[in-house]
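Right, one structure below, let's go through it.
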Amino acid sequence: MKPPERRVEVILSLAVVNPLVDVIRGLVTELREAPPLPHAAPESEPDFNAIWADELVTGRDCDVGVLLAIFDGDFSLEGRVCFDSENAEPFIRACSAVRLCLRDRRLAAVTDEVLESGDMDAAKLDVRTQKAFLCYLFLATLQELVIQRIEDGTIG
Amino acid sequence: MPDPKTHTLPAKAAATELKPEGPWRVVVLNDPVNLMSYVVMVFRKVFGFDEARARKHMLEVHELGRSVVWRGHREKAEAYAFTLQQWHLTSVLESDEAS
């Protein structure tokens with residue numbers, strides 16, 4: 001008999017998190033158009049570089065799709081999100097992709113030192129940047145939580 | 001998407017004829033975005049490092065700006081670099097012979 005799948009449910013405040021999810025939704029088009037990391041090897045052929053980039057973009061799009069799906073359904077009704085062995089890894093990859101895109105597209109005014117420490121008075125930022133910064137921190141928090149649950153075997 | 005742990009290279013790319021070159025280094029560069037715990041997890045997953053080794057490389061990346069995480073032939077080095085990039089870690093290949 002197949003053992004029951006272990007998963008983690010998190011209840012989030014809709015009032016707090018919905019605006020942050022809207023930031024992610026608003027970023028999707030830019031994220032899809034954002035170039036992937038350049039090919040890692042020197043002197044590689046253009047065809048190879050193009051395939052490399054296409055595969056990275058396809059993977060990133062799939063991961064972001066998983067992230068957005070987590071914030072549909074039960075989340076929009078009661079703030080509940082669920083992580084399991086199917087969605088946990090794509091989710092944490094997508095968190096990185098979105099955070100990198102936020103840094104490039106919404107948080108140019110924030111220094112890397114501040115981004116790395118997370119230590120900033122968000123109230124001093126304009127509303128758009130403030131939401132982006134809070135979304136950036138929110139995704140890091142969820143990412144950390146899911147990583148911990150993967151590592152302690154709660155998810156799997 | 002394909003499982004990055006087992007993913008090698010894009011299918012068409014795998015057919016590309018690669019020159020029989022000497023050892024290559026896979027180098028991970030620092031970024032201000034990815035969490036330390038995330039980088040450790042990725043190193044463990046991609047390279048099979050134990051916690052201590054993964055943490056050592058993560059700290060090298062964080063403190064020195066870069067860490068050589070793997071050495072070997074180009075084709076496999078490219079596969080590792082590709083997988084690291086799927087996880088959004090900035091990675092580059094360097095030839096050992098160039099140093």
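No value in this document is a laboratory result; all are computed from the given coordinates. Owing to the predicted nature of the structure, the values given are computational and were not obtained by experimental measurement. Cβ atoms come from the backbone with ideal geometry, glycine included; neighbour counts cover every protein chain shown.
Normalised by the number of residues in chain A, the mean separation of alpha-carbon contacts (under 8 Å, six or more apart) gives a relative contact order of 36 percent.
Using 1/(1 + (r/R0)^6) with R0 = 41 angstrom and r between the beta carbons of residue A:54 and residue A:128, what's the FRET efficiency to the nearest 0.05? The pair residue A:54/residue A:128 has a calculated efficiency of 0.85.
So what's the projected area for segment B:34-76, the Cα convex hull averaged over all directions, in nm²?
Numbers: hull surface 12.8 nm².
Orientation-averaged projected area of the Cα hull: 3.2 nm².
Shielding by partners for peptide A:55-66, expressed as the average number of C-beta atoms from other protein chains within 10 Å of each residue's C-beta, is 3. With R₀ fixed at 41 Å, the C-beta to C-beta distance from residue A:22 to residue B:36 puts the FRET efficiency at about 0.90.
Provide a whole-number value for the mean count of partner chain Cβ atoms within 10 Å of the Cβ atoms in peptide B:33-43.
Averaged over the peptide's residues, the number is 6.
Compute the separation of the alpha-carbon centres of segment A:1-76 and segment A:117-154 and state it in Å as a whole number. Rounded to whole Å, the Cα centres lie 16 Å apart.
Between residue A:121 and residue B:50, what FRET efficiency follows from the Cβ-Cβ distance if R0 is 41 Å, with the result rounded to 0.05? The value I calculate is 0.55. From least to most packed, judged by other beta carbons within 10 angstrom and beginning with the fewest, B:76, A:124 follow the order A:124, B:76.
Semi-axes of the equivalent ellipsoid of segment B:23-98: what are they in whole Å, largest first, if each equals the square root of 5 times a C-alpha gyration tensor eigenvalue?
Taking √(5λ) for each eigenvalue gives 19, 13, 12 Å, largest first.
At 0.36 nm per residue, minus the direct Cα-Cα distance, what do residue A:108 and residue A:77 gain on full extension? Give it in nm, one decimal, please. Don't skip to the end; give the middle numbers.
Numbers: separation 31, 0.36 × 31 = 11.16 nm, distance 3.37 nm.
This chain segment gains 7.8 nm when fully extended.
What is the sum of charges around residue A:70, taking Lys and Arg as +1, Asp and Glu as -1, for the other residues whose C-beta is under 12 Å from the C-beta of residue A:70? Please list the in-between numbers first.
Details: positive: A:7, A:80; negative: A:9, A:63, A:72, A:74, A:84, A:86.
Cβ neighbours under 12 Å give a net charge of -4.
Close amide-amide hydrogen proximity is noted between residue A:155 and A:150, each under 5 Å apart and 5 or more residues distant or on a separate chain (H modeled in the peptide plane; Pro and chain starts excluded). A P(r) calculated from all alpha carbon pairs of chain A, with 5 Å bins opening at zero, reads 1, 8, 17, 18, 18, 16, 11, 6, 3, 1, 0, 0 percent. Across peptide A:90-103, the mean count of Cβ atoms from other chains lying within 10 Å of each residue's own Cβ comes to 4. In the protein assembly as shown, the calculated helix contribution to ellipticity at 222 nm averages -18000 deg cm²/dmol per residue, counting -39,500 (n - 2.57) for every DSSP H run with n ≥ 4. With an a/c value of 1.5 or above and a/b not larger than b/c for the gyration tensor axes a ≥ b ≥ c computed over the alpha-carbon atoms, segment A:1-54 is described as oblate.
I need to check one value: relative contact order of segment B:23-98, counting alpha carbon pairs closer than 8 Å and at least 6 residues apart, in percent. Intermediate results must be reported in sequence, preceding the final value.
Numbers: 108 pairs, mean separation 41.1, N = 76.
Contact order relative to length: 54 percent.
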